[in-house]
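Quick notes on the structure that follows.
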Amino acid sequence: MPSTPFLTAPAPSGASLSPASAAAAAAEHDEAGFGVYVHWPFCASKCPYCDFNSHVRHGGIDEARFLRAYLAEIGHWAGLAPGRRVTSVFFGGGTPSLMSPVTVGAILDAVARHWSVEADAEVTLEANPSSVEAGRFRGYRAAGVNRVSLGVQSLDDAELAALGRLHTRAEALAAIGIARATFARASFDMIYARPGQTLQAWRAELAEALALAPTHLSLYQLTIEAGTPFAALHATGKLSVPEGEAASVLYDLTQEMTGAAGLPAYEISNHASPGEESRHNLTYWRYGEYAGIGPGAHGRVVVGGSRLATAAERQPERWAGRVEAGGHGILESAALTPAEQADEALIMGLRLAEGLDVDRLCRISGLRPAAAAIGRLAEQGLLAWDGRSRLRATPGGRIVLNEIVLRLASALEPAGAGLS
Ligand SMILES: C[S@@+](CC[C@H](N)C(=O)[O-])C[C@H]1O[C@@H](n2cnc3c(N)ncnc32)[C@H](O)[C@@H]1O
Ligand code: SF4
């Protein structure tokens, strides 16, 4: 993807928008929201399967320095995207529950100083069970966090050890209890299709997870990520994971059990009772706008009629140094072409059970997939088209989503060409 220099002269925070861009920003907001993502790039230890931008600092972290940098970068983003109404804030990582509640509160205060924030904005913080204490959670709640997402991964001690996790089953259960007692909304993550995991074992573990009565669950199939210790073991045959038919049987069981428990998938790996979906993540999948604050964070924002894709310096201390020198840590900023925007909107939207809003795709990019291409995929049982604006991947289609996206992306045509 080509990169262009980042805009170096942002308008002052709160600057008024031209009528045209104000209307465009309002339309974006109404349809998909405006999220603020804040990346905390540190963890107590590095899990052997993880390729997130997360780092261990045995010598300690200068939290005050990072806070100053977050505040500066929020100011920069507010200049880039003035006048937006924030619908969600998401503290992701890394392990954001290693941040002090005071730091979290200061970041939220800065967001509220620079933008207006919706009264019921969703404010999520990711937490590791080993760093959960009731007092700290109450501190986050007082700071404005109203939803937590816990990285539980497994409810079995031996499995947790095999995943290199620092926490035990007992700590995971305690963390879920504290999260539910402290926050109106709590979710937790599990990883399945782990080395040697049988269908029976996953059935029992998922049943236990569902019995903990969450209203939102993220259930990820273990991905062997290049460059991780798990990838090295996998390459030498020392670690094998369910693949092909074995993985798809695990996936089907997951859909069946979560659906029966009232937590159907609203996205490939995310399950919720109705109304409990992560609004922040829906903004990504509905291809809305979001500011990406912090090391390695990505953003998408419409500036002067162009949708910019931004990516920040990943290395935490270099990122802080860049912010100190220039007010932001963004390394790349590319104005996406209409076709690139359509590709991204297809990739994101087809992950959702609600599907892709094709009319919105047209408004964003001026493009839509040709009727013939949709028809062929529908005949194969991979896509469902409601004849108006919603295009959904069927359960069978979700398994071959990349192929569907490729076929639709190669059949994009000007919106005026007509679909029905
Ligand atoms: C940034 S982490 C979440 C918070 C926290 N750092 C933790 O691990 O508890 C996001 C989630 O991605 C999932 N994840 C990370 N690496 C994965 C992998 N290789 N395969 C599948 N899921 C993965 C885990 O479920 C994890 O909770
Ligand atoms: S704690 Fe989370 S972010 Fe950190 S290394 Fe483990 S999975 Fe990755």
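Some points to look at:
- Taking all protein chains together and a 1.4 Å probe, the residues TRP40, TRP385 rank TRP385, TRP40 from largest to smallest accessible area.
- Cα gyration tensor, the chain - rounded (a/c under 1.5), prolate or oblate: oblate
- Evaluated over region 33-147, the Cα radius of gyration and Dmax, each in Å: 14.2, 42
- Radius ratio Rg over Rh of region 158-305, counting only Cα atoms, Kirkwood formula for Rh: 1.00
- Residue-wise HN-Hα coupling along region 221-235, computed from phi with Karplus coefficients 6.51, -1.76, 1.60 (Hz; x: Gly, Pro): 6, 4, 9, 7, 8, 4, x, 8, x, 4, 5, 5, 5, 4, 5
- Database note for the chain: Cys without another Cys beta carbon under 4.7 angstrom, CYS43, CYS362.
- Accessible-area composition of region 157-286, carbon plus sulfur, in percent [1.4 Å probe]: 58
- The listed residues ARG351, ARG368, ARG113, ARG180, once ranked by accessible area (1.4 Å probe) with the largest placed first, stand as ARG113, ARG180, ARG351, ARG368.
- Anisotropy class of region 118-189 from Cα gyration tensor, a/c 1.5 cut: prolate
- Of all DSSP bridge pairs formed entirely within region 37-147, close to 0 percent run antiparallel.
- Taken about its Cα centre, the chain carries a charge dipole of about 540 debye when Lys and Arg each add +1 at the Cβ and Asp and Glu each add -1 at the Cβ.
- Residue-normalised accessible area of region 281-420, given per residue in Å² at a 1.4 Å probe: 41
- Kirkwood hydrodynamic radius (C-alpha pairs) into Stokes-Einstein, region 193-250, 10 °C and 1.306 mPa s, D in µm²/s: 124
- Global form of region 232-296, assessed from the alpha-carbon gyration tensor, a/c cut-off 1.5: oblate
- Remark: relative contact order (the chain) = 16 percent; criterion is Cα-Cα distance under 8 angstrom and separation of 6 or more residues.
- Per-residue ³J(HN,Hα) for region 392-402, Karplus 6.51 cos²θ - 1.76 cosθ + 1.60, θ = phi - 60°, Hz, x for Gly and Pro: 10, 7, 6, x, x, x, 4, 6, 10, 4, 4
- Local charge for ALA181 was computed over the other residues whose Cβ lies under 12 Å away, with Lys and Arg +1 and Asp and Glu -1, and equals +3.
- Only DSSP H runs of four or more residues enter the estimate; each adds -39500 (n - 2.57), and after division by the residues of the chain the mean residue ellipticity at 222 nm equals -12500 deg cm²/dmol.
- Sorting 205-218, 274-287 by average packing, meaning the other beta carbons within 10 Å per residue, from highest down gives 274-287, 205-218.
- Only beta bridges with both residues in the chain are counted; by DSSP, about 45 percent of them are antiparallel.
The values are calculated or read from the model by the stated rules, or taken from the named source; none is laboratory data. The structure displayed is predicted, hence computed values, not measured ones. For neighbour counting, all protein chains shown are included, and Cβ atoms are generated from backbone atoms with ideal geometry for every residue, glycine included. Ligands, DNA and RNA are excluded from the accessible area calculation, which covers all protein heavy atoms including side chains. Shrake-Rupley method; radii C 1.70, N 1.55, O 1.52, S 1.80 Å.
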